[in-house]
1. Given the criteria in contact with a strand residue (DSSP E or B) (Cβ under 7 Å, 6 or more places away or on another chain) and surrounded by 24 or more Cβ atoms within 10 Å (Cβ to Cβ), does ASN366 qualify?
2. Being touching a Gly at 6+ places or on another chain (Cβ under 8 Å), assigned to a loop (DSSP other than H, G, I, E, B) and outside the structural domain of VAL653 (by TED's automatic domain parsing) is true for just one of ALA360, ALA353. Which residue is that?
3. In segment 248-267, which residue that is in a helix (DSSP H, G or I) and crowded, with 17+ Cβ neighbours inside 10 Å is farthest from the chain's Cα centre (by Cα)?
4. Could we say that GLY345 is on the phi > 0 side of the Ramachandran plot, crowded, with 22+ Cβ neighbours inside 10 Å and in the same structural domain as LYS403 (by TED's automatic domain parsing) here?
5. What residue, of GLY575, GLY539, GLY548, GLY583, is within 20 Å of PRO422 (Cα to Cα), surrounded by fewer than 21 Cβ atoms within 10 Å (Cβ to Cβ) and either polar (S, T, N, Q) or modelled with pLDDT of 95 or more (or both)?
6. When you scan segment 17-104 for helices (runs of 4 or more DSSP H) that lie fully inside it, which ones turn up with 1 or more residues that are among the β-branched types (Val, Ile, Thr) and modelled with pLDDT of 85 or more?
7. Based on what the data block shows, is ALA379 assigned to a loop (DSSP other than H, G, I, E, B) and of a type in the set (Gly, Ala, Ser)?
Amino acid sequence: MRPPATDPGPTAGPSRRATLPHSRLRSSGGTPIALRALAAAALTLPLLGAAPTPAPPPTAHLQEAFAAASAEYDVPRSVLMGVSYLQSRWDAHGGAPSVTGGYGPMHLTDARAALAAAEHHGEGTEDPRGDDARPPLRPESRAPRTDELPDRLTTLPRAARLTGLSPGQLRADPAANVAGGAALLAEAQRRLGEPSSEDPADWYAAVALFSGADDRASAAAYANDVYEVIRAGEQRVTDAGQRVALAARPGLAPDTSALARAGLRTASAAGTECPRTVSCEWIPAPYEEFGDGDYGNHDLGNRPASQPIRYIVVHDTEGAWEGVLDMVQDPTYVSWQYSLRSTDGHIAQHVKAKDVAWHAGNWYVNAGSIGLEHEGFLAEPDAWYTEAMYRSSARLVKYLAGKYGIPLDRQHILGHDTVPGPTSATVPGMHTDPGPYWDWRHYFELLGRPLEATAGRHSGVVTIRPDYAANRPVFTGCESAGEPCATHGSSAVRLYSDHDESSPLIRDVGLGRAPTTGVNDLSSRVSTGQQYAVADRWGDWTAIWYLGQKAWFRNPGKNPAAVPAKGEVVTPRKGLDSVPVYGRAYPEKEAYPEGVPAQAVSPLPYTMLKGQKYVTGGKVPGEYYYAVTFDEASHRVVRGKDLYYEIQFGHRVGFVRAADVTVKSS
């Protein structure tokens, strides 16, 4: 849960910008020759589809724009298209900026459009630590840093100077945007002292500089991703309905030597726990004692030897990169293991995997999870994430999942919005990021676990899987309460109390209020990748068991919102009319040794009723990590005899006692 981000963002400041002219860019009339040719081509080439949000029509087909800009600026077309794919997957986003103020297929950045709200852990509605054995932790929000803007946030003004095109054209016209990106690549090649070349292998260092990264490792990781795209080839229909294709060059081996002359700093990866395929640096969160016996901002541990790491939690930052790094280095604030930058996918690690960060608002989840913060904003549907960050995040998650045996599914790769409140009192204040605009379907494709049908059409389990671009539920409250958010693709599917969109929305009794279409209201929606037991079917509608009730969603055969799946489900064991649901799997009272206070095993305000079924993510032991002092000698893991099953109970996961349920195959 978070307030709408309405801050206008920082204003542009000085930066290092090249002013070399390009003598071949312009005709005598002042308009780039390539763009004039594209304007003429637009009269004869019909568009394949309309952009999802109102925007000036593109000057020409994007495929043609790449070809024309390549010829105009002497940049190999495959290089230009590979860079664009890594930036935006060739989408224009209707002229709307990304989370870092990046526009168009080339993600040209103008920091004046970047959002700069306070980081979401400082909102005050959720105790990020979530440990009843300690007083609630309420970190304070603060203003983001407003230092000199880095080059990676000012590429659009630079492209405007190089091309002579207005910033407005570069923002709104995809063809102009592509030309701006080509001009920047050509400028980078000149700065390196490299000649123009038709061979894409000669452009590696220029591609690396295009990322805007100021260190060699990040720039190289970005360039490696671009060349991976070029080698593999790509094709897709963009958000404007245009089919774009890049032919594969499987044998392409770039010349990396010129990057050594780029003047970038050397950032050490020493101390990090990251795969070699990403750029990663160690920016530690402090483990320090301060005040009257207080300390922060995480707890030392010995995972996985002491307790397994079961979950990875995906967050968004609700703030810009520099400010977020400031806060995680404050001992009085909270912590998470990794931060990911939007412009190039660079990763900063703050807390070792063996230690417990304070990020998810549920101590049981914190004690068994790794937290990832992604530079982004929940309630800004058009503030899109770059492909570079999605790919970097997926590589990190695959690495961590493989290292710690974490299943790649939605009951173990959690959104912060699917972490349950540990007690009834905490349910209304739990956070809702990364929200309905995070593209879980694409994310799982990058994880190598595409969300596909795994059973016949009459299976008793479904996996939620709408078409992200075409699925556009109405949300409200992004900018102001009750006002509609911008229409946008979404991972979320709305739930109704009957097979009719005029019927009431599903109600969440734990929130204590009527359901709404608010962007932060999780009462009546499911998310891509989540699995549920089928309760009923009616024509184009499917009902699932959700929060103790039947919940209906539209699921037409031609455009399904879910696909059939296999899975195990739990149901109340014979003789029980209902089963309590818990927000944490804590041990029984008798398991606590002397000196460790027993933690309450208190049910949430939900019950699983006789005859209902819920998909389970597996069995877990009752477990509690006692760590309430700075001296880690007193820390210990309490493990009881009680066992639990994690279940997909509503939008969030929950836990039921193994002794209360029967497990069945779907």
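The values are calculated or read from the model by the stated rules, or taken from the named source; none is laboratory data. Given the structure is predicted, the values throughout are model-derived calculations rather than measurements. All Cβ positions, even for glycine, are placed from backbone atoms using ideal geometry, and neighbour counts span all protein chains on display.
1. Details: in contact with a strand residue (DSSP E or B) (Cβ under 7 Å, 6 or more places away or on another chain): yes; surrounded by 24 or more Cβ atoms within 10 Å (Cβ to Cβ): yes.
Considered against the rule, which asks whether it is in contact with a strand residue (DSSP E or B) (Cβ under 7 Å, 6 or more places away or on another chain) and surrounded by 24 or more Cβ atoms within 10 Å (Cβ to Cβ), ASN366 comes out as yes.
2. Going through ALA360, ALA353 in turn, the sole match is ALA360.
3. ALA258
4. Against the criterion (on the phi > 0 side of the Ramachandran plot, crowded, with 22+ Cβ neighbours inside 10 Å and in the same structural domain as LYS403 (by TED's automatic domain parsing)), GLY345 qualifies.
5. Selected residue: GLY548, the only one of GLY575, GLY539, GLY548, GLY583 that is within 20 Å of PRO422 (Cα to Cα), surrounded by fewer than 21 Cβ atoms within 10 Å (Cβ to Cβ) and either polar (S, T, N, Q) or modelled with pLDDT of 95 or more (or both).
6. Passing ranges, in order: 77-88.
7. yes
Residues checked against (1) in a loop (DSSP other than H, G, I, E, B); (2) closer than 29 Å to SER666 by Cβ:
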site	(1), (2)
TYR532	no, yes
ASP536	no, yes
ILE544	no, yes
PRO560	yes, yes
VAL570	no, yes
GLU594	yes, no
ALA600	yes, no
